[in-house]
1. Based on what the data block shows, is Ser8 closer than 23 Å to Arg155 by Cα, among the small types (Gly, Ala, Ser) and surrounded by fewer than 19 Cβ atoms within 10 Å (Cβ to Cβ)?
2. Tell me which residues, restricted to the range 103-135, are surrounded by 20 or more Cβ atoms within 10 Å (Cβ to Cβ) and more than 23 Å from Ile196 (Cβ to Cβ).
3. Going through the range 62-94 one residue at a time, which ones are open to solvent by less than 20 Å² (accessible area, probe 1.4 Å) and either without any contact (Cβ under 8 Å) to a residue 40 or more places away in the chain or assigned to a helix (DSSP H, G or I) (or both)?
4. Select, from Ser40, Ser59, the only residue that is of a type in the set (Ser, Thr, Tyr), open to solvent by 30 Å² or more (accessible area, probe 1.4 Å) and touching a Leu at 6+ places or on another chain (Cβ under 9 Å).
5. Among the residues of the range 1-41, count how many are in contact (Cβ under 8 Å) with a residue 60 or more places away in the chain and assigned to a loop (DSSP other than H, G, I, E, B).
6. In the range 14-37, which residues are of a type in the set (A, V, I, L, M, F, W, C) and open to solvent by 50 Å² or more (accessible area, probe 1.4 Å)?
7. If you take the residues of the range 53-74 that are modelled with pLDDT of 90 or more and basic (Lys, Arg), which of them is nearest to the chain's Cα centre (by Cα)?
8. So how many residues does the range 45-55 have that are touching a residue at least 24 places away in the same chain (Cβ under 8 Å) and either open to solvent by 50 Å² or more (accessible area, probe 1.4 Å) or part of a strand (DSSP E or B) (or both)?
Amino acid sequence: MLKVKSLSKEYNSGEHILKAANNISFNVDDGEFVSLVGKSGSGKSTLLLLLGALDKPTSGSIVVDGEDLAKKSDRELVRYRCLKLGYVFQSFYLVPNLTALENAMLPMEFAGLATNERKERAQYILEQVGISGDKINRRPGKLSGGEQQRVAIARALANKPKLILADEPTGNLDSETGKKIFNLLKELSRSENTTIIVATHDNNIAAKTDRKLTIVDGQLKQDK
């Protein structure tokens with residue numbers, strides 16, 4: 001499903017070149033739940049941004065379902081992010097003046113789905129992640145942190161993506177809520193056969209995934 005080969009990302013930092021991603025190669029199968037573990041500044045977020053086509057590599061390739069992202073135009077990359085990718089941010093990034101339902105519907109609007117289809121799909125996935133009843137009509141400010149993250153996951157699932165990238169999705173949550181969110185992602189990888197890559201600094205949580213990748217100073221150190 002996902003093939004990463006010799007991927008590097010360099011930044012100019014004064015007189016020095018910072019290698020945020022340094023010659024990284026790995027494969028991930030359909031429906032696999034993979035954790036990306038590393039300390040702050042290790043390169044986890046940079047790698048996820050590259051996989052999500054939110055940044056461009058200095059060299060190397062990222063192939064998703066046989067398509068090389070480096071060969072796609074900016075318009076094609078927008079379509080890739082809209083239709084094949086779901087991104088879950090640590091800070092949720094929900095639209096504050098939209099309800100939970102409207103936030104979940106938003107990606108489908110960009111994809112061109114009819115209003116009734118968007119609403120039906122959004123209600124279904126919100127229920128899947130545990131948001132129902134009057135909560136679907138609440139704005140983010142009226143939801144708990146765990147509930148906001150569930151809405152963010154629902155939004156990521158809206159267009160039935162093949163790949164979900166989650167950057168420290170439990171980082172702003174208490175440990176118990178974090179475990180529930182992590183278990184929810186694992187269940188989704190099984191029920192929807194969705195490939196999920198989660199960046200985390202918590203080795204205890206990472207141990208529950210199908211496979212753990214460890215990144216140190218921009219380099220992949222372990223794959224087991």
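The values are calculated or read from the model by the stated rules, or taken from the named source; none is laboratory data. Note that the coordinates shown come from a computational prediction; the quantities given were computed from them, not determined experimentally. All Cβ positions, even for glycine, are placed from backbone atoms using ideal geometry, and neighbour counts span all protein chains on display. The accessibility values were calculated without ligands, DNA or RNA, using every heavy atom of the protein model including side chains. Shrake-Rupley method; radii C 1.70, N 1.55, O 1.52, S 1.80 Å.
1. On the way: closer than 23 Å to Arg155 by Cα: no; among the small types (Gly, Ala, Ser): yes; surrounded by fewer than 19 Cβ atoms within 10 Å (Cβ to Cβ): yes.
Taking the combined requirement at face value, the residue does not satisfy it.
2. Arg118
3. Going residue by residue through the range 62-94, those that are open to solvent by less than 20 Å² (accessible area, probe 1.4 Å) are 62, 64, 69, 77, 80, 85-86, 88.
Within the range 62-94, Leu69, Leu77, Tyr80 meet the criteria.
4. Within the list Ser40, Ser59, the selection yields Ser59.
5. 8
6. Of the range 14-37, the ones of a type in the set (A, V, I, L, M, F, W, C) are 17-18, 20-21, 24, 26, 28, 33-34, 36-37.
Hits for the range 14-37 are Ile17, Leu18.
7. Ranking the qualifying residues of the range 53-74, first place goes to Lys56.
8. 2
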